[in-house]
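Trainee: Handing you this structure, nothing more for now.
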Amino acid sequence: MNWLGFSLMAAGLWGLWGFLSKVAALQLPAGTVFLISAVGYVAVTGYLAATKGLAIPLQPGGLAAALGAGTCMAFGLFCFFKALAEGAAANVVVPLTALYPLVTVILGWAFLREGLSLRQLAGVALALPAVWLLSK
C-alpha cells in the first residue's frame, strides 16, 4: 500500500476514533477513557514490535523528538477526552481539534523550511471557516 492508502486508512480510523471517544466519554470519566485508550495503544505497539521487529536506533535527536511527540499526543488526547466529557458535542470538538494540522503547517514552514504553495495557503485559509461551519 502506498502513502495515499495509508492516509485514507488513518483518516477513516481517526474518524471512528472520534466517534468511539464520544461514546466512551458519555459513559466513563475522561481519565478512565484516557487510561483504557492507552491500553489499546500499548497493545498495538506490542503487536507491531512482535510482528514487524521494531528496532530503536540510538539517534538522540530523533529519540527526543519522538518522546516529545508522544508526550504532546498524550496530553492532547487527555484534553480531547476532557472536552468530550464536559458535555461538548463530538460534532463540535472533533472538527475544532482537527485544526491541529494548521499548527504543524506553521511549525514546518517556520522551523523546517517546508514550502507552502498558494494552493496550500488557500487550504489553510479555508480550514478555519470550515471548522466554524461544522461546529454550528
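Values in this text are rule-based calculations from the coordinates and carry no lab data. All values reported here derive from a predicted model rather than from experimental measurement. Backbone-built Cβ (ideal geometry, glycine too); neighbour counts: all protein chains shown.
Trainee: For Val39, Val105, which order do you get if you count the other beta carbons within 10 Å of each Cβ and list the fewest first? Before the final figure, lay out the partial values.
Mentor: On the way: Val39 9, Val105 17.
Placing the least packed residue first, the sequence is Val39, Val105.
Trainee: Something else: Length gain on complete extension for the stretch Ser7 to Tyr41, per 0.36 nm per residue less the alpha carbon to alpha carbon distance? Mind dumping the intermediate values first?
Mentor: Working: separation 34, 0.36 × 34 = 12.24 nm, distance 1.86 nm.
Length gained, Ser7 through Tyr41: 10.4 nm.
Trainee: With θ set to phi - 60° and the Karplus curve 6.51 cos²θ - 1.76 cosθ + 1.60, what are the ³J(HN,Hα) couplings of segment 17-26 in order, to the nearest whole Hz, using x for Gly and Pro?
Mentor: With coefficients 6.51, -1.76 and 1.60, one gets 4, x, 5, 5, 5, 5, 4, 5, 5, 6 Hz.
Trainee: Whole-Hz ³J(HN,Hα) for each residue in segment 102-111, computed from phi via Karplus 6.51 cos²θ - 1.76 cosθ + 1.60 with θ = phi - 60°, x for glycine and proline: what do you get?
Mentor: 4, 4, 4, 4, 5, 5, x, 5, 6, 10
Trainee: Calculated from the structure, Cα extents along the principal axes in Å equals which of [x] 45, 44, 29; [y] 57, 40, 22; [z] 43, 34, 24?
Mentor: So the calculated entry is the one marked [x].
Trainee: Among Tyr47, Tyr41, which comes first, second and so on when ranked by fewest other beta-carbon atoms within 10 Å?
Mentor: Ordered by Cβ neighbours within 10 Å, fewest first: Tyr47, Tyr41.
Trainee: Just to be sure I understand: with springs between alpha-carbon atoms less than 10 Å apart, which residue in Gln59, Gln120, Gln27 has the highest mean-square fluctuation in the Gaussian network model of the chain?
Mentor: Gln59
Trainee: Relative to the present Cα-Cα distance, how much length would full extension add between Ala130 and Leu48 at 0.36 nm per residue of separation? Don't skip to the end; give the middle numbers.
Mentor: On the way: separation 82, 0.36 × 82 = 29.52 nm, distance 3.58 nm.
Computed gain between Ala130 and Leu48 is 25.9 nm.
Trainee: Kindly state, to the nearest 0.05, the FRET efficiency for Thr32 paired with Leu63, given R0 = 35 Å and r defined as their beta-carbon distance. Kindly include the intermediate steps, with their values, before the conclusion.
Mentor: Details: r = 30 Å, r/R0 = 0.86.
Calculated transfer efficiency: 0.70.
Trainee: If one computes the Cα centroid of segment 3-38 and of segment 51-115, what distance in Å separates the two points?
Mentor: 14 Å
Trainee: Using 0.36 nm per residue of separation minus the Cα-Cα distance, give me the extension gain between Trp17 and Trp109 in nm, one decimal. Each step should come with its number before you reach the end.
Mentor: On the way: separation 92, 0.36 × 92 = 33.12 nm, distance 2.87 nm.
Going from the current span to full extension adds 30.3 nm.
Trainee: Let me ask you something else. Which ³J(HN,Hα) values, rounded to whole Hz and listed in residue order, are derived for segment 64-78 from phi using the Karplus coefficients 6.51, -1.76 and 1.60 in 6.51 cos²θ - 1.76 cosθ + 1.60 with θ = phi - 60°, glycine and proline given as x?
Mentor: 5, 5, 5, 5, x, 4, x, 5, 4, 4, 5, 5, x, 5, 4
Trainee: In what order do Lys52, Lys22, Lys82 fall by count of nearby beta-carbon atoms within 10 Å, going from fewest to most? Intermediate results must be reported in sequence, preceding the final value.
Mentor: Working: Lys52 8, Lys22 20, Lys82 17.
Lowest count first: Lys52, Lys82, Lys22.
Trainee: Modelling each spin label as a point 7 Å along the Cα-to-Cβ direction, I'd like the Ala98/Leu118 distance in nm, to one decimal.
Mentor: Going from the Ala98 label point to the Leu118 one covers 2.8 nm.
Trainee: As a check on your grasp of the helix formula, calculate [θ] at 222 nm for the chain: sum -39500 (n - 2.57) over DSSP H runs of n ≥ 4, divide by the residue count, round to the nearest 500. Mind dumping the intermediate values first?
Mentor: Working: 6 runs with 111 residues, N = 136.
Calculated from helices alone, the mean residue ellipticity at 222 nm is -28000 deg cm²/dmol.
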